[in-house]
Each structure stands twice: as C-alpha cells, then as structure tokens.
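Enquirer: This is the structure, below, for whatever I ask next.
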Amino acid sequence: MNIFTISPAYLFILSILGIVFVVNDNNKDRQESPAAAWQDITTTEDVWNQYPGKIHTIFSSLNIDYPGLEPVKTALENSDTLSAANLLLDYYRSGESAKWLREKSYEYSDPDDQEQAENVLQNKITRTGATVEIPTTDGGGWDWNYTGPDQDDEFGYNLNRHRYFFHLLNGWHETENAEYAEKFDQIVRDWILNNPLTEKGDRFWEVHRTTTQELDWRDIGEVIWRDIDAGIRMGESWPQAFFGFQQADEFTPAARLLMIHSFIIHADYLQEYHQVHHNWATMEMNGLSYIGLTFPEFQQSEEWIDYALEVMEAEINGGQVYPDGVQMELATNTHWVALSRFENLVENFREASRAVPDSYLQHIEGMYDYLAYSMRPDGFQPLNNDSDREDLRPRVLRASENYDRSDWKFIATNGEEGVEPDGLPSRVFPWAGLHVMRNGWDRMSHWAFFKTGPYGIGHQHRDKLHLSVHAYGRDLLVDSGRFTHEDYFSFDPTVWRGYFRSTFSQNAILVDGAGQDVWERIAEEPHEEGRDYINTGELDFARGTFSDGYEGIEGQADHTRAVVYVKDRYWVVVDRLTTDRPREIQTLWRYAPDANAVIEELQVVSNDQGKGNIRVVPSGDIHWELEIIEGQTEPYYQGWYSRTYGEKEPNPTAIYSANIEGDSVFAWILVPADGLVPEVQSTIVNEDNVDVEIQVAGEQPVVVTVPLDDGLPEINNLN
C-alpha cells in the first residue's frame, strides 16, 4: 500500500483546502532552499511556506479520527492548515502515544556521558574510541557525507544513525541545559532539509535493483540513506529523541514537523526496500515496527507493525537463522546484531502492550544457545568471519535471567553460579557446521572451534576447515579477525581487507600460493551425527572437505581435514590433499599475538613462563620447510591479527611449505599445556586408516585412528 492512499472522506476534507496529492511530496515544495536556508526554518509557518508538500503528506497519512486528534480534524474542516499543524504538535507534546518513551528516565549512566554530550555541542562524535570533529558546510551544518579521518565508510554510516542523540537527550534531562536541546534541534533541521530521499531516477535506486556484487552502496559513495541506516535511525534513535525532547522549548515547531514527516518517508522506504535473508532485515523491520508502535495515529501504523512482525518471523524461522540457532552469516558479531534486533522487537511490542508468538521467542532462545555454548572459557566469542573478540558474558547472563536458563549462567560464570548443563561440554551446531570441542566449564578448560560448514550469506571469510584453540585461560591458535571494511569485497592479501578475509589469515592450507574460492553459501541439510561428527566422554571428532577450488589455479585440489580431540590431552589433525598434478602447499598455524612462538627443529612451540602454551607437531612423509612470519607487509600481508575493528597487531604465524607430487596425507598434533609443553614425537604408522602414533614425554605412546572418508575414530593405549 502506498503511503499517500487516503480515505474518500478525508480526501473530501482536504479537497476543501485545495490540496492535490502526488506521490513525490518534494515536488510540492515551493522552492529548493539554498544551503543556509535550513537555519531559517524554525516555525510552523516556515515549513508551510517553504515545504507545503511535507505538511500535505503528514495530514494525508494521519488517521484524523484517532482519539485526541479531534481539534486537528476540526481545524482541517475549517480550512485552517496552520492551526491544524500547531494543534498536532500540541497533541504530541501532551499526548499518550509512546507513553513508555515519554516516561523514560534519561540520565548519565557512564562517567564519559557528560563529556560525550559536550563533544556533540562542539561538533564532535566518538567512534571506536576516537573523538572526531565533523566538518561543517558553508551553510553551517554538518558534512553528512564525511567518512572520518581514515575515509572509512563505516564512520559515515554511524554518523547518519544519530545514536549520539542520546548524549544530548541524557544531558538535557540531567542538567536542563538548553544547549543540548538546541543542538539536537539544529542537527534535525540540518539533516532533514539537506538530505531528502533522492528522486527515483537517481543512481541511488539502482543499488536496490541489483545484487551487491554488481553495485554496492560503496560504489556510489552513499552513507546517508542506506536501508540499514534508515532502519537503525527509526528503531534506535529518532523515536526516543522525538518523544524525549517533547518538553524542550528549544525543540522548534519546524523540527518537530520535519521529523513527523520524515517518519512517514522512512516507513514507506523501509517497507518497500528492505532486505531479506540478511541481518540488515532485522534492523530495518525493527525500525519499521517501531514507527508503527510509537505513532499509532498514522493510517498505516497497524500495517507497518503487522508487516514487520511477519517479516521478522520469517527471518528467524529459516530466513536467516538455521534450526540449530546460528545466524546464517556465520559471524558471531552479526549473529548478535540480528539477535539483539529480534529481541528488541519483542521488548518494543511488550512496551506497547502487544505480544509476539511463542515460537518467535523459542527461536530467540535458540540463538542465545549458540552464544552460550560457543563461548570461550574466558567468556569471549569466537572470531569467526567478520567478528571481533567481544565479551559475551554480560549478554548471556542477562539472557539467563530473562529466559530462566541456569545452564547459561553456569557457563558464563565458569560454574560458580547456575546449574551445570546436561551432557558433554562439547557442542555441535550441525546446520552451521560449527564444532565446539571442550573438556569442561572452568576458566582453564580446553576449547577449540572447528568449521566444516557453509560459506555464509554475508560477512564471509575463506575459512573452511579453520581450527582455533584456547586453553589454560589463553588464546593459543587464532583466527585473525577482520580489522577493516575498506575494499569490502576483496580477498586480495595485498590489501588489508582482502588479507583478513582470505585463507591467508586462517589456520588452513594454501595451494600454489592461492587461498580458497567461494563454496556453498547455505547448508541444504545438517551434518549427520555418527557420520560427520561424534562427541563422547573420551573424544570429539569432526571432518569436512573443501572441494570448490583455489582462486586462479587449474585442476583438482581438494582438502579434507579431520580433527580428533583426545579429551584433556591434545588435538590430532589429519589433512589430505587430493590433486591431479604436483602442487606447492603451505599449512598455516597462527599463534596469538602475545605468544612467544619458536621453532624447535620442525616443531613450533610457545614457551611463555606461567601461561598456557601449545606445541605444533607435524607428522607424515612430507618434507616441510618451516618459517615463522610476523607483521609482514610485502609481497603480501601475513602474520597480522585484529582483536577488534580498526585495530591490528603482528602475530607469529608458522608456515609449513612443501612440494607434493600428488595425493598426500599428513597430520598435526596440537598439544597444549599449563606452562611449558613437554617434548612430543609423532608418526603416521598406517596411511590407509591414518593411524597416528603420539608419544608425549613421560607418557605411554597412544595410537589414534583418524578416518578421512568413512568410519569413526579409535584411540588405543590411552591410559
């Protein structure tokens, strides 16, 4: 339904006023204001004189029979548009809609809140820990296309999400300093009047008609009106600020009317152009539903609410979330982005005295299961795909109370509170193909994260068969993180983004100097227990194969990797390269950046006193050459780690290089220890079944059978 569809009765009333409607309300504005004119638009009369189309749109979209709008309806019937507009503002100033936002307590909750509010007064905002001054235009407003000192589009996106409204809102409520309300009012008028949604013929709209591979927002330099940012504004800053500043005299009538009009434009845009099967949809529908919930006076409010809930139900029930609870981008960061918006919708509905289906809540609980059971023993999340090393404990602990899950509390507190989960500590998410191998719930437990599943629907890295290891309170073998979104789609290891996304930054194998190519984005079926993986009290086992080719190389090159975690001892990793020609291969093992990794013959071991360490032991008839690279920039990036977006540091990366003539099988023993790691020797004693003998100093030799095709592993001689 188009937002300009109105009832016949109301059309009759408006026809008395001589109003004729067209779809693009900007065409009805009397002039395109010069750059500085936004500063002069402060009153209802100013908006009516310069932008009558916006007033028309507001009244055509209102249900003027809504309780409390009787004076507005009377003024319109009397052909007094100006009075109707002012009466509408009176209604919002003293009305009951969005009562929870009107009654919300806004106050400083962090020691830095006041400083942040003062910064906004000085045209400064803070992102990723850095405070940046926003350039101003000749007209005195902010440069809304500014992408920060590093020319990072992510800065521009966040600038236009307006979350810093809360700094001003908290400051005004806390101190009653009129400057905070004045600044909010100025920003609103500046942004709205200088950034109208462009005409339909503009290249902007081509992005909505193509795939991101063909044309992306970055290709056209758009940072203001991306659909995701429109959704975030509507769900996470604008309604809160609109109602939170209602009693501020400095919130001018013009700014109020412009915001009301822009809510309508945003709703129409989000309903027509939202994403599906992507985390963006959760922010867009969260925003659309919130407009409907907070502005029940609009004719289409119920439609927006119902539509958004319908989309969100579809997204959480298979649209972008697997039955095992994992969001299909397979990045814990975006899993949380989606989960938090799925949950925000529930909270917003409850505040508006509405309910969501029980099945929707069950899916949210499943998504929290992934966070709780994939969490490292130190409480931080896996660094899979585009993720940062974030602490999950506050989120999981809050959810444990909300969903009455004492097992989540047990995990997040390392067993100090809550009830121990049933079953083994290890978990498999069979649709996502993610295996969490661990031996307990305490802070010193062993933990590994192994990926055998699909590529993902967004934010992907070329990381199939990657393995991360954490033990004895410390990361040991790591995923490299993401660092930047500049050159967003790149997998070229000579640029930062490409390096961090490529196989060059994973614990995986390069073939002829090339990383993995793309593979299936979405799983069509789950991994099968007893075939693809098993978990017992003695061991965890999983295997997978990458057979979709390496970038730019010819012929067959398939990589199969099977991992057996011998509980409380070590991981046995067996690799097979199946190839139709000779190859040069490189196996990468990436140590945490704070590890002191050294070479001992053909083994690599970290030797940090009083800390967890790990030894990498090769096994098999391969003539490896070994080097450790740290902080390399030429001829391509290697040996870098990113804990969080925008930060990077060198990390020791062990690179095992060899030339093979054909199909080859080799193994790795990953031995962790609390303190110095003992000496370890290993040989493959039977390549057909791949029987690997492991001899740890002071212990009896153990033989682990690791099947690469069919069958399940066995352990012999384990004491």
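Enquirer: Using only Cα atoms, locate the centre of the stretch 612-678 and the centre of the stretch 478-510, then give the distance between them in Å, rounded to an integer.
Expert: 16 Å
Enquirer: Which translational diffusion coefficient, to the nearest whole µm²/s, is obtained for the stretch 324-422 from the Stokes-Einstein equation, given a Kirkwood hydrodynamic radius over C-alpha pairs, 20 °C and 1.002 mPa s? Numbers along the way, then the final one.
Expert: Values: Rh = 13.9 Å.
Calculated translational D: 154 µm²/s.
Enquirer: Which whole number in µm²/s is D for the stretch 423-466 by Stokes-Einstein, with the Kirkwood Rh taken over Cα pairs at 20 °C and 1.002 mPa s? Don't jump to the answer; show the numbers that get you there.
Expert: Working: Rh = 11.6 Å.
My calculation gives 185 µm²/s for D.
Enquirer: Now, a different point. Diagonalise the Cα gyration tensor of the stretch 397-491 and give the resulting equivalent ellipsoid semi-axes, square root of 5 times each eigenvalue, largest first, whole Å. All intermediate terms of the calculation are to be shown ahead of the outcome.
Expert: Details: eigenvalues 162, 53, 41 Å².
Equivalent ellipsoid of the stretch 397-491: 28, 16, 14 Å, largest first.
Enquirer: Pairs to check: K451/K611; K464/K648; K73/K124; K99/K200; K183/K409. Give those whose C-alpha atoms are more than 32 Å from each other in this structure. Show your work: numbers first, answer last.
Expert: Working: K451/K611 27 Å; K464/K648 23 Å; K73/K124 43 Å; K99/K200 36 Å; K183/K409 43 Å.
With Cα atoms farther than 32 Å apart: K73/K124; K99/K200; K183/K409.
Enquirer: Then there's this: Relative to the longest principal Cα axis of the chain, at what angle does helix 253-273 sit, 0 to 90 degrees, rounded to 10?
Expert: 50 degrees
Enquirer: For a test of the definition: using alpha carbon positions, the gyration tensor, and the 1.5 limit on a/c, classify the stretch 559-690 as rounded, prolate or oblate.
Expert: Working: a/c = 1.98, a/b = 1.22, b/c = 1.63.
Oblate.
Enquirer: Shifting gears a bit: About its Cα centre, how strong a charge dipole does the chain have in debye, to the nearest 20, once Lys and Arg get +1 and Asp and Glu get -1 at the Cβ? Intermediate results must be reported in sequence, preceding the final value.
Expert: Values: 55 positive and 122 negative charges, 153 e Å.
Rounded to the nearest 20 debye, it is 740 debye.
Enquirer: Using a simple charge model, +1 on the beta-carbon of Lys and Arg, -1 on the beta-carbon of Asp and Glu, nothing else, what dipole does the stretch 105-316 show about its Cα centre, in debye to the nearest 20? Walk me through the intermediate numbers first.
Expert: Details: 13 positive and 41 negative charges, 60 e Å.
Computed about the Cα centre, the dipole is about 280 debye.
Enquirer: Where does the chain land at 222 nm, in deg cm²/dmol rounded to the nearest 500, when only DSSP H runs of n ≥ 4 count, each adding -39500 (n - 2.57), divided by all residues? Write down the numbers at each step before the final one.
Expert: Details: 22 runs with 232 residues, N = 719.
So the calculated ellipticity at 222 nm is -9500 deg cm²/dmol.
Enquirer: Could you look at the stretch 324-422 and say what percent of its accessible area is carbon and sulfur, using a 1.4 Å probe and all protein chains? Intermediate values should be presented prior to the final figure.
Expert: On the way: 1460 of 3470 Å².
That fraction is 42 percent.
Enquirer: So, how do all the Cα-to-Cα distances of the stretch 105-316 break down into 10 Å bins, in percent, from 0 on up?
Expert: Once binned at 10 Å, the Cα pair distances of the stretch 105-316 give 8, 33, 37, 20, 3.
Enquirer: At 1.4 Å probe size, with no ligands or nucleic acids counted, give the accessible surface of I41 in Å², nearest ten.
Expert: Accessible area, nearest 10 Å²: 10 Å².
Enquirer: Which whole-percent values make up P(r) of the stretch 52-138 when all C-alpha to C-alpha distances are grouped in 5 Å steps starting at zero?
Expert: 3, 11, 15, 13, 9, 9, 13, 13, 10, 4, 1
Enquirer: Compute the helix-to-body angle for 178-194: its Cα long axis versus the longest principal axis of the chain, expressed 0 to 90° and rounded to tens.
Expert: The angle comes out near 90 degrees.
Enquirer: Considering the dipole of the stretch 428-678 built from charges on the beta carbon (Lys and Arg +1, Asp and Glu -1) around the Cα centre, which of F489, T587, T536 is farthest to its positive end?
Expert: Ranked along the dipole, the leading option is T536.
Enquirer: What percentage of the solvent-accessible surface of the stretch 530-642, computed with a 1.4 Å probe over protein heavy atoms, is contributed by carbon and sulfur atoms?
Expert: Working: 1720 of 4310 Å².
C and S fraction of accessible area: 40 percent.
Enquirer: At a 1.4 Å probe, what is the % contribution of carbon and sulfur to the accessible area of the stretch 40-100? Display every interim value, and only then the final one.
Expert: Values: 1150 of 2410 Å².
Taking all protein chains in place, the stretch 40-100 shows 48 percent carbon and sulfur surface.
Enquirer: Okay, next question. Before anything else, pin down the relative contact order of the stretch 428-678: Cα pairs under 8 Å, at least 6 apart, normalised by residue count, whole percent.
Expert: Values: 667 pairs, mean separation 49.0, N = 251.
This gives 20 percent for the stretch 428-678.
Enquirer: How many angstrom lie between the C-alpha centres of the stretch 157-202 and the stretch 56-122?
Expert: Answer, in whole Å: 15.
Enquirer: How big is the Kirkwood radius of the stretch 428-678, worked out from every pair of different alpha carbons and given in Å to one decimal?
Expert: Values: mean 1/r = 0.0547 Å⁻¹.
This gives a value of 18.3 Å.
Enquirer: Between the stretch 259-278 and the stretch 37-53, what's the alpha-carbon centroid distance in Å?
Expert: Using only Cα atoms to place each centre, the spacing works out to 24 Å.
Enquirer: Once the mean 1/r over all distinct Cα pairs of the stretch 301-367 is inverted, what Kirkwood radius in angstroms do you read off? Walk me through the intermediate numbers first.
Expert: Numbers: mean 1/r = 0.0826 Å⁻¹.
Roughly 12.1 Å, rounded to one decimal.
Enquirer: Indicate, rounded to the nearest 5 percent, the antiparallel portion of the DSSP beta bridges found entirely in the chain. Present the calculation step by step, with values, prior to reporting the outcome.
Expert: Values: 100 of 101 bridges.
Of the beta bridges lying entirely in the chain, close to 100 percent run antiparallel.
Enquirer: Hey, another quick one. Please work out the average accessible area per residue across the chain, using the 1.4 Å probe convention, and give it in Å². Intermediate values should be presented prior to the final figure.
Expert: Details: 27410 Å² over 719 residues.
Computed with neighbouring chains in place, this is 38 Å² per residue.
Enquirer: Still on this structure: Using alpha carbons only, what's the Rg to Rh ratio of the chain with Rh from Kirkwood? Can you show the working numbers first?
Expert: Working: Rg = 29.2 Å, Rh = 28.0 Å.
With Rg and the Kirkwood Rh in hand, the quotient comes to 1.04.
Enquirer: Under the rule a/c < 1.5 gives rounded, and otherwise a/b versus b/c splits prolate from oblate, where does the stretch 450-491 land using the Cα gyration tensor?
Expert: Numbers: a/c = 3.32, a/b = 1.56, b/c = 2.13.
The shape class here is oblate.
Enquirer: Once both axes come from the Cα atoms, what is the angle between helix 279-294 and the longest principal axis of the chain, in degrees from 0 to 90, rounded to 10?
Expert: Rounded to the nearest ten degrees, it is 30.
Enquirer: Could you work out the relative contact order of the chain? I mean the mean sequence separation of Cα pairs under 8 Å and 6+ apart, divided by the number of residues, in percent.
Expert: Values: 1471 pairs, mean separation 56.0, N = 719.
Contact order relative to length: 8 percent.
Enquirer: Taking 8 Å as the Cα distance limit and 6 or more residues as the minimum spacing, I'd like the relative contact order of the stretch 40-100 as a percentage. The partial results should precede the final answer.
Expert: On the way: 32 pairs, mean separation 16.4, N = 61.
Across the stretch 40-100, relative contact order equals 27 percent.
Enquirer: Apply the Karplus curve 6.51 cos²θ - 1.76 cosθ + 1.60, θ = phi - 60°, to the phi angles in the stretch 85-91 and return the couplings in whole Hz, x for Gly and Pro.
Expert: 5, 5, 5, 5, 5, 4, 4
The values are calculated or read from the model by the stated rules, or taken from the named source; none is laboratory data. It should be emphasised that the depicted structure is a prediction, and the values quoted were computed from it without experimental measurement. All Cβ positions, glycine included, derive from the backbone under ideal geometry; neighbour counts span all protein chains shown. Just the protein is used for accessible areas: all its heavy atoms, side chains included, with ligands, DNA and RNA removed. Shrake-Rupley method; radii C 1.70, N 1.55, O 1.52, S 1.80 Å.
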